[in-house]
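Down below is the structure, laid out as structure tokens.
The values are calculated or read from the model by the stated rules, or taken from the named source; none is laboratory data. No experiment lies behind these values; they were computed from the predicted model shown. So basically every Cβ, Gly included, is an ideal-geometry build from the backbone, and we count neighbours across all protein chains shown. The accessibility values were calculated without ligands, DNA or RNA, using every heavy atom of the protein model including side chains. Shrake-Rupley method; radii C 1.70, N 1.55, O 1.52, S 1.80 Å.
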Amino acid sequence: MLARDRARLAELRRRGEWPAIVPSVVLTEALTGDHRRDYDENRLLRTCDIRPVDEELARSAASLRTKTTTRRAPSAVDAVVVATADHAGGATVLSSDPGDLRALARNADNDVRIAPI
């Protein structure tokens, strides 16, 4: 983890925004399955709260996908991420690809903010 990443993580902890809630399905997109190649990701994920995706959350994500009108449908994983933040009563989602997440967040019931990293 780079020094700037450690500093950002420390700031999130000070503000009470850490540990991050990560839906388990995100691991499918974020990891390769090879512990050597996934070392950095696994190190970060150990500091997070990994949550399963239950039926209620999956249905909420499906509803968000249906309500989102974009050129192409957002991914199911992106919809689960936004639904997770929505179910938490609103949250900030950190992403290196914020486009679809912002479109989904516009349909959330709570304040779901998307912050690029």
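Leaving out ligands, DNA and RNA, and with a 1.4 Å probe, what % of the accessible surface on the chain is carbon or sulfur?
Carbon-and-sulfur percentage of accessible area, whole number: 49.
Please give the peptides 95-106, 49-60 ranked by average Cβ packing (other Cβ atoms within 10 Å per residue), highest first, as a rough proxy for protection. Present the calculation step by step, with values, prior to reporting the outcome.
On the way: 95-106: 17.7, 49-60: 13.1.
So the peptides 95-106, 49-60, ranked by packing, come out 95-106, 49-60.
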Taking only the alpha-carbon atoms of the chain, the convex hull volume per residue, in cubic angstrom, is 105
Simple SL model, points at 7 angstrom along Cα→Cβ for residue 15 and residue 38; separation in nm is 2.9
By the mean-Cβ-within-10 Å protection proxy, highest first, 31-40, 14-23 rank as 14-23, 31-40
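What's the local net charge at residue 10, with K and R +1, D and E -1, over the other residues with C-beta under 13 Å away?
On the way: positive: 4, 6, 8, 13, 14, 15; negative: 5, 11, 17.
So the environment of residue 10 carries a net charge of +3.
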Note to self: C-alpha centroids of segment 7-80 and segment 88-117 sit apart, in Å, by 11
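Rounded if a/c is under 1.5, else prolate if a/b beats b/c, else oblate: with a ≥ b ≥ c from the C-alpha gyration tensor eigenvalues square-rooted, which is segment 56-115? List each step's numbers first, then the result.
Numbers: a/c = 1.57, a/b = 1.07, b/c = 1.47.
Since a/c reaches 1.5 but b/c is at least a/b, the shape of segment 56-115 is classed as oblate.
If we count every other residue with Cβ under 13 angstrom of residue 34's Cβ, Lys/Arg +1 and Asp/Glu -1, where does the sum land?
My count for the surroundings of residue 34 gives -1.
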Per its Cα gyration tensor (rounded if a/c is under 1.5, else prolate when a/b beats b/c, else oblate), segment 20-82 is best filed as prolate
